[in-house]
1. Out of the residues in region 110-136 that are within 20 Å of the chain's Cα centre (by Cα) and open to solvent by less than 40 Å² (accessible area, probe 1.4 Å), state the one that is modelled with the lowest pLDDT.
2. Can you pull out every residue in region 15-64 that is of a type in the set (Val, Ile, Thr) and in contact with a Phe, Trp or Tyr (Cβ under 9 Å, 6 or more places away or on another chain)?
3. Which of (1) farther than 26 Å from Ala142 by Cα; (2) open to solvent by 60 Å² or more (accessible area, probe 1.4 Å) does Leu53 not meet, given it meets every other one?
4. Hey, Ser41 hits all of (1) farther than 14 Å from Ile148 by Cβ; (2) surrounded by 15 or more Cβ atoms within 10 Å (Cβ to Cβ); (3) at pLDDT 90 or above; (4) of a type in the set (S, T, N, Q) but one; which does it fall short on?
5. Counting just the residues of region 137-169 that are open to solvent by 60 Å² or more (accessible area, probe 1.4 Å) and not β-branched (Val, Ile, Thr), which one comes out nearest to Ser41 (Cα to Cα)?
6. Out of curiosity, is Leu76 farther than 16 Å from Gly157 by Cα, in contact (Cβ under 8 Å) with a residue 12 or more places away in the chain, open to solvent by 50 Å² or more (accessible area, probe 1.4 Å) and part of a helix (DSSP H, G or I)?
7. Out of Gly63, Gly47, Gly54, which single residue is more than 17 Å from Val103 (Cβ to Cβ) and touching a residue at least 40 places away in the same chain (Cβ under 8 Å)?
8. Can you name every residue in region 57-72 that is in contact with a Ser or Thr (Cβ under 9 Å, 6 or more places away or on another chain) and either open to solvent by 70 Å² or more (accessible area, probe 1.4 Å) or not β-branched (Val, Ile, Thr) (or both)?
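The values are calculated or read from the model by the stated rules, or taken from the named source; none is laboratory data. Just so we're clear, the structure is a prediction, and the values are computed from it rather than from any experiment. All Cβ positions, glycine included, derive from the backbone under ideal geometry; neighbour counts span all protein chains shown. For accessibility, only protein heavy atoms count, side chains too; no ligands or nucleic acids. Shrake-Rupley method; radii C 1.70, N 1.55, O 1.52, S 1.80 Å.
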Amino acid sequence: MQDAAHYVIPFLFIAFFIYRRIKRTVGFQPLRRRRLIVRTSLFSVIGVVILALGFVHPIHFIGYGLGLAGGTLLGLTAIRHTRFEQRTDGWYYRTHLWIDITVLVLFLGRLAYRYAAIAVSSTPSNMNPADFSQFSKDPVTAGAFFIIVSYYVIYFGYLLREEKNLEPSAPLQPQVPVQSSGNVNIAD
């Protein structure tokens, strides 16, 4: 039973991550400054820590560089296609759906590939699926991670900058349909 938990818990965590990410990808999302600051800070700190740990394996810097370049291109493309909408409860934004899906598929695909490669190449006695340090031993996985880091830092930074430029969200008055009398339309 304990061995099954080593496999089930990471898969449940990943499934929950996929569900939340897809939920945030589809449709307009509320533009919340505090949430964007926390996410930008979190991705920045994790990226700097992983970059500092890369000195142990200098070959990872190739993956880091390619990941940073790829994430930057995806972020700039997503910025060009971002739409804002003001609603009664504030501003909302919609990301470019295919860019977000691409980032998600790249990362999860590489994570799944690496997870399967570790499971196949390792003997059951030294394989611990909950030990995520095994994923940092591959420059391609590190590059995929840095695609996500650079994409989200650039994109969330853009949203924070644009949030300052948007008009303060004053409550919008709902428009009441005007009744027409006869053939004359008062709304015109």
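1. Filtering region 110-136 for residues that are within 20 Å of the chain's Cα centre (by Cα) and open to solvent by less than 40 Å² (accessible area, probe 1.4 Å), the one modelled with the lowest pLDDT comes out as Phe135.
2. Ile37, Thr40, Ile46, Ile50, listed by residue number.
3. Leu53 satisfies all of (1) farther than 26 Å from Ala142 by Cα; (2) open to solvent by 60 Å² or more (accessible area, probe 1.4 Å) except (1).
4. (2)
5. Only one residue fits best here, namely Arg161.
6. So Leu76 fails the test.
7. Details: Gly63 fails: more than 17 Å from Val103 (Cβ to Cβ); Gly47 fails: more than 17 Å from Val103 (Cβ to Cβ).
Exactly one of Gly63, Gly47, Gly54 is more than 17 Å from Val103 (Cβ to Cβ) and touching a residue at least 40 places away in the same chain (Cβ under 8 Å), namely Gly54.
8. His57, His60, Gly63, Gly67, Leu68, Ala69, Gly70, Gly71
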